[in-house]
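Here's the structure we're looking at; comments come further down.
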Amino acid sequence: MRRDAFALPLVLWSVAFLAGLSLLLLGVVSHWLDDQSLAERRFAARQNALTGIALGMNPAVLPGDPLLRTGNAEKNGHEVRISDESARINPNYWLKTNQREGFQNLLGYWQVEKSDQDKAIDGMTDWTDADDFVLLNGAERGQYEALGLAGFPPNEPFNSVDELSAVIGLQNILAEREGWRDFFTVWHDGKIGILHASSPVLEAVGGLTEGQAEGFLKLRAGPDGIKGTEDDEKFAEMADVVAVLNANANQAKQLEAFFSLGNGARRVESTGWAEGASYQIAVIVEGQTGSTLLNWEEQ
């Protein structure tokens, strides 16, 4: 009788243990299957993104072409955005040509205090100059090593936009500003292309009002409303742009100093979708009709 009394709880415990183990294994298998499904959908999304890249890199394909978008985020398809790299600020060019005022305009537009502007600009200068002399508000190897960042700064031009987020004096500013990367490039060495610049860049660097910037974007896109197509508004010189904008004296000065009518590299950004999963690829190709690949990024 005593053995029977002990056997029943043991059996019940064993049943409960096996049931728990079964549920645990079921959860593990279910999680594994979910991971496998997501991986497969991500792979399919990448293939769709690659299709978009192939289309966008074709110089015969212009913005607004129906081929640049198929499907939607919940189904299979892709969406491609074509832009010009001259729309962005190259910090190397501004530092090389001592365009401190351009940085001040941008940081002021971001409502950064003057003292913090000086730290950011001197920090970028110390990052790129060839010496180890610390500017008044800058940072050289000693300051970086104190933060555990041995080997920084490299004392050479920025090789990528992401390097900006490591600059002492600038990193905290960028950490609080979503979308800051859209303002910068290292693939266009010259003034900002005013025929491609975004409204925020026109306002921040050129000092335009929101109304002026938005009105100019509509004008330059032409009757079809799509930038980069054949009916875009044509300008012979920067003075024509200044006149169209009805810019005041200070705005005219900023526009002439920081903008030009030039073009840059072709940026192609493709997002692929597959049953709710997405994948993004961005490439930069030399020139608007060239095929030389300058940069490739995936995420």
Item checked: Antiparallel %, DSSP beta bridges [both residues in the chain], to 5 -> 90
Notebook entry, point to check: Can you give the extra length, in nm with one decimal, that the chain gains between L219 and E74 once fully stretched, where that is 0.36 nm per residue apart less the Cα-Cα distance?
Noted result: 48.8 nm
Next item on the list: Using label points projected 7 Å from each Cα along Cα→Cβ, tell me how many nm separate D65 and A257, to one decimal.
Entry: 4.0
Note to self: Given a Förster distance of 35 Å, report the FRET efficiency between S199 and E145 from their Cβ-Cβ distance, rounded to the nearest 0.05.
What the structure shows: 0.30
Margin query: Between helix 249-258 and the chain, what is the angle of the helix's C-alpha long axis to the longest principal axis, kept within 0 to 90° and rounded to the nearest 10?
Written below: 60
Check: For K253, which lysines qualify as cross-link partners when the Cα separation must be under 28 Å and same-chain residues fewer than eight apart are set aside?
Finding: K96, K114, K119, K191, K218, K227, K234
Notebook entry, point to check: With the other protein chains left in place, how much accessible area per residue, in square angstrom, belongs to segment 51-163 at a 1.4 angstrom probe?
Noted result: 51
Margin query: Could you tell me how far the Cα centroid of segment 179-214 sits from the Cα centroid of segment 115-158, in Å?
Written below: 26
Item checked: segment 124-261 - Rg over Rh from alpha carbon coordinates, Kirkwood radius -> 1.08
Notebook entry, point to check: Share of the chain's accessible area from carbon and sulfur, percent, 1.4 Å?
Noted result: 56
Margin query: With angles folded into 0 to 90 degrees, how steeply does helix 2-56 sit against the dominant principal axis of the chain? Use alpha carbons for both and round to 10.
Written below: 30
Checklist line | Accessible surface, segment 230-299, averaged per residue in Å² (probe 1.4 Å) | finding: 51
Next item on the list: Evaluate the Debye formula for segment 73-145 with equal point scatterers sitting on the alpha carbons, no solvent, and hand back log10 of I(q)/I(0) at q = 0.13, 0.22, 0.23, 0.26 Å⁻¹, in q order, two decimals.
Entry: -0.52, -1.01, -1.07, -1.23
Notebook entry, point to check: Kirkwood Rh over Cα pairs of the chain into Stokes-Einstein at 20 °C, 1.002 mPa s: D in µm²/s?
Noted result: 94
Next item on the list: Obtain the nm distance between the two label points defined at E156 and A39 by a simple spin-label model: each point lies 7 Å from its Cα along the Cα-to-C-beta direction.
Entry: 3.7
Notebook entry, point to check: Local charge sum around L293 (other residues, Cβ-Cβ under 14 Å, Lys/Arg +1, Asp/Glu -1)?
Noted result: -2
Check: N246 versus E297, label points 7 Å from Cα toward the beta carbon: distance in nm?
Finding: 3.8
Next item on the list: Calculate the tail of P(r) for segment 133-177: the fraction of all Cα-Cα distances greater than 18 Å, expressed in %.
Entry: 27
Notebook entry, point to check: Where does helix 100-109 land angle-wise versus the long Cα axis of the chain, in degrees 0 to 90, nearest 10?
Noted result: 50
Next item on the list: Between M238, M124, M57, find the one with the highest GNM mean-square fluctuation for the chain; connect C-alpha pairs within less than 10 Å.
Entry: M238
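The values are calculated or read from the model by the stated rules, or taken from the named source; none is laboratory data. Fair warning: this is a prediction, and the values are worked out from it, not measured in the lab. Reconstructed Cβ throughout: ideal geometry from the backbone, glycine too, with neighbour counts over all protein chains shown. For accessibility, only protein heavy atoms count, side chains too; no ligands or nucleic acids. Shrake-Rupley method; radii C 1.70, N 1.55, O 1.52, S 1.80 Å.
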